[in-house]
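S.K.: Let me begin by handing over the structure; questions about it come next.
All of the numbers you see were taken from the coordinates with simple rules; none came from a lab. As the structure is a computational prediction, the values presented were derived from the model and not from experiment. Don't worry about glycine lacking a Cβ; one is built from the backbone with ideal geometry, like all the others, and counts go over all protein chains shown.
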Amino acid sequence: MIMKNIIIPLACGLIFGVGLVIAGMTNPSKVMGFLNIFGNWDPSLMFVMGGAIIVSMPAFLLIGKKMKSPVFNQEEGFSQQLKRNIDRPLILGSAMFGVGWALVGFCPGPVIAALTLVDGNVFIFFISMSIGMLIKKRVF
Amino acid sequence: MNIVNFTPIESLTGGIIIGLAVAMLYLLRGNYTGISGIYFNVISANKSGFIWRSFFILGLLIGPVILSFFPYKNLGFEMPVTNPLLIIIGGLLVGYGTQLGSGCTSGHGVCGIGRLSIRSIVGTCVFVGAGVITVLILRIVGWVSL
């Protein structure tokens with residue numbers, strides 16, 4: 001239980017956060033630079049996603065398929081809850097997310113990883129994002 | 001188009017490290033690393049899976065702190081937009097949008113594409129597309145110079 005509930009998620013979160021910082025994802029000007037394709041373009045973010053996909057894809061499609069269950073989670077097995085259909089909430093929600101992402105240059109992972117910079121604007125974004133999530137839960 | 005500030009080595013390295021965390025969480029625990037979902041389940045106090053999700057977020061917070069004790073090429077921190085109103089609107093849209101669209105850059109962009117999910121590939125194209133148009137508009141109206 002300690003492996004499954006504490007050590008593995010803590011280690012994964014930690015490694016993920018280290019990756020975000022090294023990749024430059026916690027710098028909003030790099031994210032906005034990536035979205036600025038029609039101007040001074042910074043293609044770096046493509047390499048971040050590419051690198052992450054190259055490593056995770058074999059885990060999902062090859063290694064995971066050969067395993068009966070995750071190493072430390074025989075009880076619950078591999079997560080199966082995923083939707084497949086392309087619907088209005090997906091399109092509308094992703095479009096809203098894209099606009100917000102581009103307005104400031106932060107998405108959920110990097111803004112959490114940037115909290116320890118103790119910057120007022122990072123904090124304002126983080127609180128607003130949290131409120132936005134809870135509004136979604138209350139409204140629909 | 002004009003290529004600037006390109007950091008392929010650092011960004012690829014960081015991306016591979018992110019991919020490693022994603023692969024580990026899936027193979028060792030069976031979960032997809034969708035940060036918006038993990039974080040939302042913590043703040044909405046969802047009892048099921050609360051402990052592991054909280055420890056993941058804790059790791060995400062302290063990872064950068066631990067890294068700061070080691071030598072690495074810091075790619076800096078700069079916010080092109082500092083207007084509080086725009087930051088609040090951006091935050092609300094990211095929070096609401098990731099819940100409505102059930103995923104963000106990690107959930108759709110990395111895990112979804114990694115699984116070759118058509119739904120996530122569509123979601124990623126929509127949020128990147130919306131982002132590109134938004135940055136273009138921000139530049140045209142002069143709210144940001146990039």
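S.K.: Working only within the stretch A:1-24, note down all residues that are touching a residue at least 24 places away in the same chain (Cβ under 8 Å) and either in a helix (DSSP H, G or I) or in contact with a strand residue (DSSP E or B) (Cβ under 8 Å, 6 or more places away or on another chain) (or both).
M.R.: Those that are touching a residue at least 24 places away in the same chain (Cβ under 8 Å) and either in a helix (DSSP H, G or I) or in contact with a strand residue (DSSP E or B) (Cβ under 8 Å, 6 or more places away or on another chain) (or both): A:Met3, A:Lys4, A:Ile8, A:Phe16, A:Gly17, A:Gly19, A:Leu20, A:Val21, A:Ala23.
S.K.: For the stretch A:85-110, give me each residue that is surrounded by fewer than 24 Cβ atoms within 10 Å (Cβ to Cβ) and assigned to a helix (DSSP H, G or I).
M.R.: Matches in the stretch A:85-110: A:Arg88, A:Pro89, A:Leu90, A:Ile91, A:Leu92, A:Ala95, A:Val99.
S.K.: Now for a separate question. Could you say whether any residue in the stretch A:55-65 is assigned to a loop (DSSP other than H, G, I, E, B), surrounded by 17 or more Cβ atoms within 10 Å (Cβ to Cβ) and under 20 Å from the mean Cα position of the chain (by Cα)?
M.R.: no
S.K.: So, of the residues in the stretch B:114-146 that are in contact with a Ser or Thr (Cβ under 6 Å, 6 or more places away or on another chain) and of a type outside the set (Gly, Ala, Ser), which turns out to be nearest to B:Gly97 (Cα to Cα)?
M.R.: B:Phe127
S.K.: Additional query: When residues of the stretch A:67-84 are filtered for being surrounded by fewer than 14 Cβ atoms within 10 Å (Cβ to Cβ) and touching a residue at least 40 places away in the same chain (Cβ under 8 Å), how many remain?
M.R.: Counting residues in the stretch A:67-84 that are surrounded by fewer than 14 Cβ atoms within 10 Å (Cβ to Cβ) and touching a residue at least 40 places away in the same chain (Cβ under 8 Å) gives 0.
S.K.: Can you name the residue in the stretch B:67-101 that is in contact (Cβ under 8 Å) with a residue 60 or more places away in the chain and within 7 Å of chain A (Cβ to nearest Cβ) and is also farthest from A:Leu92 (Cα to Cα) among such residues?
M.R.: The residue in question is B:Leu75.
S.K.: State which residue pairs qualify: first residue more than 7 Å from chain B (Cβ to nearest Cβ) and inside the stretch A:25-41, second residue among the aromatic types (Phe, Trp, Tyr) and buried (at least 24 other Cβ atoms within 10 Å of the Cβ) in any location, beta carbons under 8 Å apart, and separation of 6 or more residues or different chains.
M.R.: From the stretch A:25-41, the pairs are A:Val31/A:Trp101; A:Val31/A:Phe106.
S.K.: Taking the stretch B:1-40 on its own, how many of its residues are aliphatic (A, V, I, L, M) and more than 7 Å from every other protein chain (Cβ to nearest Cβ)?
M.R.: 2
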